[in-house]
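S.K.: Got a structure for you, questions after.
The values are calculated or read from the model by the stated rules, or taken from the named source; none is laboratory data. Computed from a predicted structure; not experimentally measured. Note: ideal-geometry Cβ built from the backbone for every residue, glycine included; neighbour counts use all protein chains shown. For the accessible areas, the whole protein counts, side chains as well, though only heavy atoms, and no ligand, DNA or RNA atoms are used. Shrake-Rupley method; radii C 1.70, N 1.55, O 1.52, S 1.80 Å.
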Amino acid sequence: MYASAAVLDFAGESLAASASGSLYTCPPEFREKVVKAAGSMEPAEYPHLLAETVRILDREPPPEYEELPMSGWEFLQLFPNLFGLDAVLMDEGDLPFAGIVQRFVTNEHPYCFDRAVGLTTEAQRALVLFPGEKCLEGHNYWGTRDRMRELIETINDHMQREHA
């Protein structure tokens, strides 16, 4: 960030030197673009304003994952297995959550490790990236912190019981 701010300050100084008739001049195309971007502001001051904005933004802590909006396609990219579990949960609504997860994993047995690894990995990632109680609930209706833990425990129990 500091390098970007320094480059912007240098651009402002170059524009000011160019306007004062200095031997050092900036390219006319660059000056035209800055004049257009600056609008009613003094062109040489505009890069300095941008540099200060960059410095201010650099001082702020980065936002947490739960503060950033996540669109549907991003959720699908980060959590494809959890997304796929939505359909199973809607179709298999006759059991409690842990029972549905257990049935889902058991139906894949003895090759359940493929599904189990994907589901538990994504559930753990969700717990780490979205530490609040709601966890992924804003992206799928069942994605609370407690449900993620329950999913992990249910799959771990299955793997211990059936494969250890």
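S.K.: What residue, of 160, 102, 77, is surrounded by 12 or more Cβ atoms within 10 Å (Cβ to Cβ), of a type outside the set (Val, Ile, Thr) and free of Cβ contacts under 8 Å to residues at least 60 places away in the same chain? Even if it seems obvious, please write down each step before you answer.
M.R.: Details: 160 fails: surrounded by 12 or more Cβ atoms within 10 Å (Cβ to Cβ); 77 fails: surrounded by 12 or more Cβ atoms within 10 Å (Cβ to Cβ).
Unique residue meeting the criteria: 102.
S.K.: Let me ask another. What's the total number of residues in the range 125-137 that are among the small types (Gly, Ala, Ser) and either within 12 Å of residue 79 (Cα to Cα) or open to solvent by 80 Å² or more (accessible area, probe 1.4 Å) (or both)? Write out each step before concluding.
M.R.: Residues of the range 125-137 that are among the small types (Gly, Ala, Ser), as a first pass: 126, 132.
Next, only the ones that are either within 12 Å of residue 79 (Cα to Cα) or open to solvent by 80 Å² or more (accessible area, probe 1.4 Å) (or both) stay: 126.
Result for the range 125-137: 1.
S.K.: Here are some conditions: (1) in a loop (DSSP other than H, G, I, E, B); (2) open to solvent by 80 Å² or more (accessible area, probe 1.4 Å); (3) free of Cβ contacts under 8 Å to residues at least 24 places away in the same chain. Residue 114 meets all but one. Which one does it not meet?
M.R.: (1)
S.K.: Look at residue 58 and say whether it is in a helix (DSSP H, G or I), farther than 30 Å from residue 154 by Cα, under 21 Å from the mean Cα position of the chain (by Cα) and of a type outside the set (Ser, Thr, Tyr).
M.R.: yes
S.K.: Still on this structure, please answer the following. So which residues in the range 139-148 are touching a residue at least 24 places away in the same chain (Cβ under 8 Å) and open to solvent by 30 Å² or more (accessible area, probe 1.4 Å), if there are any at all?
M.R.: Within the range 139-148, 139, 141, 147 qualify.
S.K.: Being within 16 Å of residue 142 (Cα to Cα) and modelled with pLDDT under 85 is the filter here, so list the residues in the range 91-118 that pass it.
M.R.: 91, 92, 93, 94
Residue by residue, here is whether (1) open to solvent by less than 60 Å² (accessible area, probe 1.4 Å); (2) not in a loop (DSSP other than H, G, I, E, B) holds:
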residue: 8; (1), (2): yes, yes
residue: 11; (1), (2): yes, yes
residue: 17; (1), (2): yes, yes
residue: 29; (1), (2): no, yes
residue: 32; (1), (2): no, yes
residue: 35; (1), (2): no, yes
residue: 41; (1), (2): no, no
residue: 46; (1), (2): yes, yes
residue: 49; (1), (2): no, yes
